Amino acid sequence: MSLSVQFQFMIHVLLYGIFIGVTLDFVCIVKEIFFNYYMQWAIIILYWLIQVPLTFVYIYNVNEGIFHLYILIFLIVGAIIYFKFLKQPLHRDLEMLGESLFTIAHFIKKVVNILVISPIMFIYKLVSDIIMLFLRILKLLFYTPLAKLGKWMSSKKKERRRGKKKTNLNTEEE
């Protein structure tokens, strides 16, 4: 690897370190929106679980899998450059980006609710109402007359039992 290629790679890694700083700052802005302490930690852990493999894939693709110590140093220097010199001017822009993304997400949620969820719920309610109407009709046609017939039959059995004389089973066997 020539010196000019190594210098270009150092610039790439330095810019990638700045990218890591920007994304970490954006994740911290988004994290502040969630008030739940555990949710904030989950967001940070998820960020690093995505960022570390992404960084190594980037280094593998750009530098043909060679990982030197100066790569890590330039990643850290890039992040430090962002946090020392670029954070203040870009922080408001990142906040506006976060707010706009949440506004867009809220709009998409409303659109999905109106166009997808509401029709599905309407169809579900319509089908369940039709099924309930069908079951009520079946109840009126079959259950109610059969229940009245059953009550009438049970009252006839009680009348027969009352009319018969009770006998002891032991005396019948003898």
Task: Separation of the SER154 and MET96 label points, Cα + 7 Å toward Cβ, nm - done: 7.7 nm
TODO: Give the calculated FRET efficiency between MET39 and HIS106 to the nearest 0.05, with a Förster radius of 25 Å applied to their Cβ-Cβ distance.
DONE: 0.90
Open item on the list: Can you sort ILE131, ILE59 from fewest to most other Cβ atoms within 10 Å of each residue's own Cβ?
Closed with: ILE131, ILE59
Open item on the list: What percent of all Cα-Cα pairs in the chain falls into each 5 Å bin, going from 0 up to the bin containing the maximum distance?
Closed with: 1, 6, 8, 9, 9, 8, 6, 5, 4, 4, 4, 4, 4, 4, 3, 4, 4, 3, 3, 3, 3, 1, 1, 0, 0
Open item on the list: Show me the chymotrypsin sites (Phe, Trp or Tyr not before Pro) within region 1-62 that DSSP assigns to loop and that have at most 11 other Cβ atoms within 10 Å of their Cβ.
Closed with: PHE35
Task: Sparse-neighbourhood loop sites, GluC sites (Glu not before Pro) in region 48-148 - DSSP loop, at most 12 other Cβ within 10 angstrom - done: GLU64
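Any idea what the relative contact order of the chain is, in percent, if you count C-alpha pairs under 8 Å spaced at least 6 apart?
Relative contact order comes out at 28 percent.
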Task: Two-site label geometry, PHE142 and GLN88: point separation in nm, points 7 Å out along Cα→Cβ - done: 8.1 nm
Task: Convex hull volume per residue in cubic angstrom - Cα atoms of region 3-95 - done: 97 Å³
Task: Which listed pairs, of LYS87/LYS109; LYS31/LYS110; LYS87/LYS110; LYS31/LYS87, have C-alpha distances above 25 Å, in listed order - done: LYS87/LYS109; LYS87/LYS110
Task: Inter-probe distance in nm under a simple model that places probes 7 Å from Cα toward Cβ, at VAL62 and ILE50 - done: 1.9 nm
TODO: Distance between Cα centroids, region 49-75 to region 87-133: provide it in whole Å.
DONE: 37 Å
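Since every read-out is calculated from the coordinates, none of them should be taken as a lab result. From a predicted model like this one, the values you see are computed outputs, not experimental measurements. We place every Cβ from the backbone using ideal geometry, glycine too, and count neighbours over all the protein chains shown.
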